[in-house]
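First the structure, in the form of structure tokens, and then the observations on it.
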Amino acid sequence: MSFDDDASLDTIDLAVLLSTCIDACRRGCEVIRNVRHKSLHGTSDILDSVLYKIADDPRSALTEADGASQKVIIECLTSCWEKHIKAGRIRIVGEEEDEHSTDLECDNSFDTAYSEDIMSHFDNYNCPRPDLEPIQRDMFESVSSPGCSKEPPESTEIGDSNISKQGESVTQHDEIIIFIDPMDGTREFVEGRIQNVQCLIGITVNGLPVAGAMGMPMVHDHQIEIAYGLITPQKTNNMEESESVTTTTVPVLSGVKFFESINPLDILPKPTKEDQDVAESGNGADDDGTLMVYSGDSMKPALNLAMDCLENRILRGTGEEDEVNIIPGAEEGVNSMHPPIRKIVAGGCGHKILSLQRHVQSLSSRHKSDEQEYTTVGAISIGPPGSSSWDTAAPTAVLLAVDPNARVTDLFGQPLIYDGDNLSNKLGIVVSSGYVASRIHEALCMKLSRDEALHEVLGVSMSSKTQSNALELDNL
């Protein structure tokens with residue numbers, strides 16, 4: 001029974017929608033844990049049965065866990081918002097759907113535990129069924145509706161910041177799209193770097209990421225961790241320029257929830273050097289003045305060009321044209337825009353962005369009680385073409401809910417597009433958080449926008465780099 005039976009189609013409370021996405025994400029994580037557990041105990045050949053969207057490319061791996069998790073997530077959301085979906089008020093776009101369509105029928109390329117009876121599908125993966133344990137919609141406020149779970153599953157919560165007591169609402173004039181990546185980091189799953197695997201559900205309104213749930217199914221032995229965030233764009237008129245409108249990000253909700261898992265994961269691999277590097281950066285183990293740079297191990301020319309520009313033209317620039325303005329208040333004779341860097345190779349788009357966020361959070365917490373003003377260097381992440389809307393929607397919203405001044409753009413400094421049709425981030429991505437990092441971000445994108453070699457690699461002309469349907473940068 002859908003709990004939107006008595007609800008109006010005119011308005012949708014985003015806090016309620018986020019709550020259902022978090023619960024759906026939790027159940028998607030249970031599926032991933034279940035498949036992993038079976039593979040470790042010899043009841044599944046998942047690690048030997050892998051499809052590749054691109055022949056022999058490990059980054060394009062597709063496993064049973066991807067399809068099974070998405071099927072569970074879509075069923076959970078459909079059980080909650082069926083009327084809204086059928087009426088076109090909510091559109092769902094999932095990575096594993098055939099040709100990226102928004103039909104609610106999932107591709108069953110892996111049918112190890114597939115069943116036409118969707119509830120049997122939940123049972124096959126030891127995942128809580130929504131008909132027996134209704135999806136929770138009131139994690140953030142008291143809501144009573146038919147089919148709504150009033151009692152939350154066993155969970156704990158840390159770091160919650162509820163800035164607005166009332167859920168942000170959208171009307172029938174707003175376009176809502178839910179982007180699902182049922183298992184971000186499939187390559188990491190296949191290769192055993194399971195701490196990097198995430199389950200992502202992002203919500204966009206009118207082309208802007210506003211809410212997200214980032215599930216980490218295999219970071220803890222007995223728990224599922226989910227980071228979440230909700231923001232609202234707020235437009236204000238510029239008094240000095242009557243026609244100028246500025247859009248700022250206002251955080252509404254942010255935090256982390258922990259759910260007790262019903263699927264065991266009793267064999268965790270030893271942390272790799274990559275895991276240790278990311279953990280240290282998240283704990284603020286590095287010197288405050290170091291710029292953390294997160295990227296993957298891709299050998300794509302676009303990434304090489306961007307990294308070379310960052311290191312040799314921005315951070316080490318000595319000529320007048322390469323010089324970046326000195327930070328106001330920096331020590332005399334010290335250019336804070338040229339900090340030392342530490343490069344960290346990390347897998348999974350969501351994992352990189354969350355690692356960046358947590359590093360800056362750690363630094364901010366460390367200096368929260370400082371009496372003197374502290375300038376955060378922060379972190380930056382650079383990715384070549386290859387990610388898609390479902391990879392970046394949720395992480396962007398979660399990041400902005402913590403740091404409303406964070407930046408997420410393509411390599412040329414333009415906002416990413418979330419229209420549900422242009423799904424590939426064809427011009428790569430740059431993410432930054434922290435005052436110095438955001439300035440470096442801006443300088444890097446400016447240089448790259450004039451880089452003929454990068455334009456040639458990306459297959460775009462110098463005049464077409466600014467896409468006509470891109471939103472204004474301030475909208476982020």
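The values are calculated or read from the model by the stated rules, or taken from the named source; none is laboratory data. Remember, it's a predicted structure, so these values are computed and weren't measured experimentally. Using ideal geometry, Cβ is built from the backbone for each residue, glycine included, and neighbour counts are taken over all protein chains shown. SASA here: full protein model, heavy atoms, side chains in, ligands and nucleic acids out. Shrake-Rupley method; radii C 1.70, N 1.55, O 1.52, S 1.80 Å.
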Only one of these conditions is not met by I417: (1) more than 18 Å from the chain's Cα centre (by Cα); (2) within 27 Å of V197 (Cβ to Cβ); (3) in a loop (DSSP other than H, G, I, E, B). Which number is it?
(1)
Is it the case, given these coordinates, that C127 is in a loop (DSSP other than H, G, I, E, B), modelled with pLDDT under 90 and surrounded by 18 or more Cβ atoms within 10 Å (Cβ to Cβ)?
no
Step by step: first the residues of region 200-223, then only those that are in a strand (DSSP E or B) and touching an Asp or Glu at 6+ places or on another chain (Cβ under 7 Å), then the one that is surrounded by the most Cβ atoms within 10 Å (Cβ to Cβ). Which residue is that?
L200
Among S369, S355, S362, S336, which is the only one that is modelled with pLDDT under 90, outside any loop (DSSP other than H, G, I, E, B) and surrounded by fewer than 24 Cβ atoms within 10 Å (Cβ to Cβ)?
S362
Criterion (open to solvent by 10 Å² or more (accessible area, probe 1.4 Å), out of contact with any His (no Cβ under 7 Å at 6 or more places or on another chain), closer than 18 Å to L230 by Cα and among the β-branched types (V, I, T)) met by exactly one of V408, V402, V398
V402
